[in-house]
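The values are calculated or read from the model by the stated rules, or taken from the named source; none is laboratory data. Predicted model only: the values in this text are computed from it and were never measured. Heads up, the Cβs are rebuilt from the backbone with ideal geometry, glycines too, and the neighbour counts pull from every protein chain shown.
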Amino acid sequence: MKKRKLLFNVLLLACILTFAKTNVSAHQKKVPSGYTGIYNIDDLAGIENNPSGKYILMGDIDMTEVTKKGGEYDNGNGWTPISEFTGVLDGNGYQITGMNIYKPDSWGWAGLIAHMDDAIVRNLGMKNVAIDVSASEVGGIAGFVDGSESLIENCYVSGKIQNTNEYEYGSYTGGIAGKIVKNSYWSTVKNCFNTADITVKEVTENGYQVTGITTCSREGGEISNNYSVGKIQAVNGSCYAITRGALLGCKIENNFYLKGSARQSEEVWGVKPLTSIQMKRKQYFTKFDFNNTWEIDSYCKYPYPQLKNNRYIRIKSLVLQSQPKKRTYKQGENLSFEGAALKIVYDDGYQTTVVPTSSMVVSYNKNKIGVQKVRLRHGDKEVSFDVEVKLNAKNTKLKKVTVLKKKKVKIQFNAVKGMKGYQIQFSKKRNFKGAKIVTTSSTSVKIAKLQAKKKYFFRVRTYVKYNNKNIYSGWSNVKSVKIKK
């Protein structure tokens, strides 16, 4: 008995959670304990004073005007990279836009951060970067990454990166980072993507590497679950769509790039080209986590995977322009979106109106009786509407109609658990016109006073009580018999 009760509770919970999804906001609203909030470019530049601290962005930062030549933060090379970062920087799903870095002379490392050492950067979008330098290691997030366990995850870079290779020992240029190296443990770049166009011109003969994500060096490092669609160009040096490093002992897995976007200097294990059509289909991104980390927004103008909590093209607003026609449901019935119209407005200015789908449903309990709010989510925006779920009477099956003496019949049908009772309908006409009804709580009933030598048709339905009203099921199968004398 206990086992049956446990099984029932498990099944009930499964039904309740049929349309339940975790409500995860794209941005944390409050600064977590132990972190310092970054609200503007002054706060961002201030990381230089305490590079081992923990930081979290609390809004977008636009560097476009202040870091260009002659801008407020131009010290002769545009944005001055954070030199030695050993802390944590959580982008919190926000974007840093328009970072300008320019430098005609040879120098060391270039990026938002020059050097990451045992540091973590996550959930950060670097949009419309403009980097034009001559440096040894160049990347949108960081130039050089090493340390015991440095990590860059859930980040993206867009814009243009150019490196003129005048550095004495050659150079490394990547969309996310210039180079990552092993030092005791592994440095890692995962769940990132690059849309930036990257160009490297060779001036010296010391060699260089240009990659869509980063270069893995010194027999250690992980580059996994990344992709690149930016145009990667090199004049004479080594060119790779994602990375080089398979021969150096790096862990390179599940990385993809847009076919034709880069000239591969050599084949790299764990890196695969996809056509533009394949890039829009999640089944081609092997082992990408589309439940928790990635999503493809088929309504957005950017057709490739985006990070769920760090979107490249974000949703500005979500408006339910018209509600579904059907607002009342029987218990256990799935939602219908016929007649509904959902307007989606993106932050790039594009907008479209679509019919909602079941994949947008955050909460709907089809087994909960009464009025409830159906919540729809797309990106980090939600809308809702009310529906009513009514108790559902379940159908029964008419098993047997037996003709008895004295113009009687015996009717037998299946019992249905939880029903208030049953209605038996019988008529001399197949369409049940002028039919009579017998109400009962039994599943075996005798009906008398029928006309001899007449053919009768029988069917049954169940009913339940809800708000002092009877809720009826559909009719059962039909059986017919001829009455004896």
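Within region 450-485, the set of residues being part of a strand (DSSP E or B) and under 14 Å from residue 399 (Cα atoms) comprises 457, 458, 459, 460, 461, 479, 480, 481. Scanning region 68-99 for residues that are aromatic (Phe, Trp, Tyr) and under 25 Å from the mean Cα position of the chain (by Cα) yields a single hit, 94. For region 341-357, filtered to residues that are in a loop (DSSP other than H, G, I, E, B) and free of Cβ contacts under 8 Å to residues at least 40 places away in the same chain, the residue that is farthest from the chain's Cα centre (by Cα) is 349. Looking at the structure I just gave you, is residue 413 over 27 Å from residue 367 (Cα atoms) and among the hydrophobic types (A, V, I, L, M, F, W, C)? Taking the combined requirement at face value, the residue does not satisfy it. If you go through region 59-86 and keep only what is over 24 Å from residue 314 (Cα atoms) and acidic (Asp, Glu), you end up with 72, 74, 84. Tally up the residues in region 35-50 that are within 29 Å of the chain's Cα centre (by Cα) and either among the aromatic types (Phe, Trp, Tyr) or assigned to a loop (DSSP other than H, G, I, E, B) (or both), please. Of the residues in region 35-50, 3 are within 29 Å of the chain's Cα centre (by Cα) and either among the aromatic types (Phe, Trp, Tyr) or assigned to a loop (DSSP other than H, G, I, E, B) (or both). Every residue in region 358-376 that is hydrophobic (A, V, I, L, M, F, W, C) and assigned to a loop (DSSP other than H, G, I, E, B), please. Matches in region 358-376: 369 only.
Only one of these is closer than 16 Å to residue 111 by Cβ and either without any contact (Cβ under 8 Å) to a residue 12 or more places away in the chain or of a type in the set (S, T, N, Q) (or both): 80, 64. Name it.
80
In region 295-314, the residue that is nearest to residue 387 (Cα to Cα) out of those that are hydrophobic (A, V, I, L, M, F, W, C) and surrounded by fewer than 20 Cβ atoms within 10 Å (Cβ to Cβ) is 296.
Of the strands (runs of 3 or more DSSP E) contained entirely in region 242-331, those carrying at least 1 residues that are under 30 Å from residue 473 (Cβ atoms) fall at 328-330.
Considered as a group, the residues in region 200-234 that are at pLDDT below 90 and among the hydroxyl-bearing types (Ser, Thr, Tyr) include one that is surrounded by the fewest Cβ atoms within 10 Å (Cβ to Cβ), and that residue is 204.
Can you spot a residue in region 410-426 that is in contact with an Asp or Glu (Cβ under 7 Å, 6 or more places away or on another chain) and part of a loop (DSSP other than H, G, I, E, B)?
no
Of all residues in region 163-198, those satisfying the criterion of being of a type in the set (D, E, K, R) and at pLDDT 90 or above are 190, 197.
Looking at region 259-279, is at least one residue under 13 Å from the mean Cα position of the chain (by Cα) and in contact (Cβ under 8 Å) with a residue 24 or more places away in the chain?
We begin by selecting, within region 259-279, every residue under 13 Å from the mean Cα position of the chain (by Cα); these are none.
No, because not a single residue in region 259-279 is under 13 Å from the mean Cα position of the chain (by Cα) and in contact (Cβ under 8 Å) with a residue 24 or more places away in the chain.
Given the structure, is residue 24 at pLDDT 95 or above and in a loop (DSSP other than H, G, I, E, B)? No; evaluated as a whole, the condition is false for this residue. You will find that of 389, 401, 409, the residue that is of a type in the set (Val, Ile, Thr), at pLDDT below 95 and either assigned by TED's automatic domain parsing to the domain that holds residue 450 or over 20 Å from the mean Cα position of the chain (by Cα) (or both) is 389 and no other.
Scoring residue 384 on the criteria (1) part of a loop (DSSP other than H, G, I, E, B); (2) outside the structural domain of residue 475 (by TED's automatic domain parsing) leaves a single failure, condition (1). Within region 271-287, the presence of a residue that is surrounded by 14 or more Cβ atoms within 10 Å (Cβ to Cβ) and on the phi > 0 side of the Ramachandran plot is excluded.
In this structure, residue 67 does satisfy being touching a strand residue (DSSP E or B) at 6+ places or on another chain (Cβ under 6 Å), among the β-branched types (Val, Ile, Thr) and at negative phi.
Looking across region 332-380 at every residue that is of a type in the set (D, E, K, R), at pLDDT below 95 and more than 24 Å from residue 27 (Cα to Cα), the one that is surrounded by the fewest Cβ atoms within 10 Å (Cβ to Cβ) is identified as 368. Selection of first residues in region 412-440 that are over 19 Å from residue 465 (Cβ atoms) and of second residues that are among the charged types (D, E, K, R) and assigned to a loop (DSSP other than H, G, I, E, B), restricted to Cβ pairs under 7 Å at least 6 apart or on distinct chains, gives the following pairs, ordered by first then second residue: 413/397; 414/397; 427/433; 428/454.
Return the residues of region 434-449 that are over 17 Å from residue 398 (Cβ atoms) and surrounded by 12 or more Cβ atoms within 10 Å (Cβ to Cβ); say none if nothing qualifies. Correct list: empty. Here residue 124 fulfils each of the conditions (1) surrounded by fewer than 19 Cβ atoms within 10 Å (Cβ to Cβ); (2) closer than 20 Å to residue 31 by Cβ; (3) of a type outside the set (Phe, Trp, Tyr) apart from (1).
For region 286-323, the tally of residues that are over 14 Å from the mean Cα position of the chain (by Cα) and hydroxyl-bearing (Ser, Thr, Tyr) stands at 4.
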